[in-house]
Amino acid sequence: MKTEMIPDHEMTPPVRATHIAAMLYGVEPDDLLGPSRCVPLPEARALAMMLTYELGTWTYARVGEAFSRDHSTVIHNVRQLRNLADTEPEVAENIERAKIMFGGSNDGSEF
């Protein structure tokens, strides 16, 4: 895998979130911006959207623009990932790891 990290100070929230999610799921960042629904891309993409919305403090509409998706798709993906985290410990762990990597707090609060 050729994932290269860009210096933090040069990253916008969606770029940073996409690199983090790609690293955690073992995919290329560019794959998360495309239309593919092959596993694990939808889950990794949802994580990147969640990070951008929650920790990047972007609106759903702005996150949608960054990922070439409608804002309602972003809302659906974030909710779906939250629900999945409630039943899948590995997903919950990926979210917590991603929050730490993004620079968010690890205070135990949920997204």
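All of the numbers you see were taken from the coordinates with simple rules; none came from a lab. Remember, it's a predicted structure, so these values are computed and weren't measured experimentally. So basically every Cβ, Gly included, is an ideal-geometry build from the backbone, and we count neighbours across all protein chains shown.
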Inset, instruction - Restrict the search to region 25-59; then list the chymotrypsin sites (Phe, Trp or Tyr not before Pro) that DSSP places in a loop and that have at most 14 other Cβ atoms within 10 Å of their Cβ. - result: none
Inset, instruction - Pick out, in residue order, every one of the GluC sites (Glu not before Pro) in region 20-111 that is DSSP loop and has at most 11 other C-beta atoms within 10 Å; say none if there are none. - result: Glu110
Inset, instruction - Just subtract the alpha-carbon distance of Arg97 and Cys38 from 0.36 nm times their residue separation and send over the number in nm, one decimal. - result: 19.0 nm
Legend entry - trypsin sites (Lys or Arg not before Pro) lying in DSSP loop within region 32-111, provided at most 14 other Cβ fall within 10 Å: Arg37
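Counting Lys +1, Arg +1, Asp -1, Glu -1, what net charge surrounds Asp70 among other residues with beta carbon under 15 Å of its beta carbon?
Details: positive: Arg45, Arg62, Arg69, Arg79; negative: Glu65.
Summing Lys and Arg as +1 and Asp and Glu as -1 gives +3.
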Inset, instruction - Report the FRET efficiency, 1/(1 + (r/R0)^6), for Val15 and Thr87, where r is their Cβ-Cβ distance and R0 is 25 Å, rounded to 0.05. - result: 0.25
Inset, instruction - Kindly put Thr73, Thr12 in sequence by how many other C-beta atoms sit within 10 Å of each C-beta, fewest to most. - result: Thr12, Thr73
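Could you list the square roots of 5 times each eigenvalue of the Cα gyration tensor of region 12-102, that is, the equivalent ellipsoid semi-axes, sorted largest first and rounded to whole Å? Intermediate values should be presented prior to the final figure.
Details: eigenvalues 56, 39, 36 Å².
Semi-axes (√(5λ), whole Å): 17, 14, 13.
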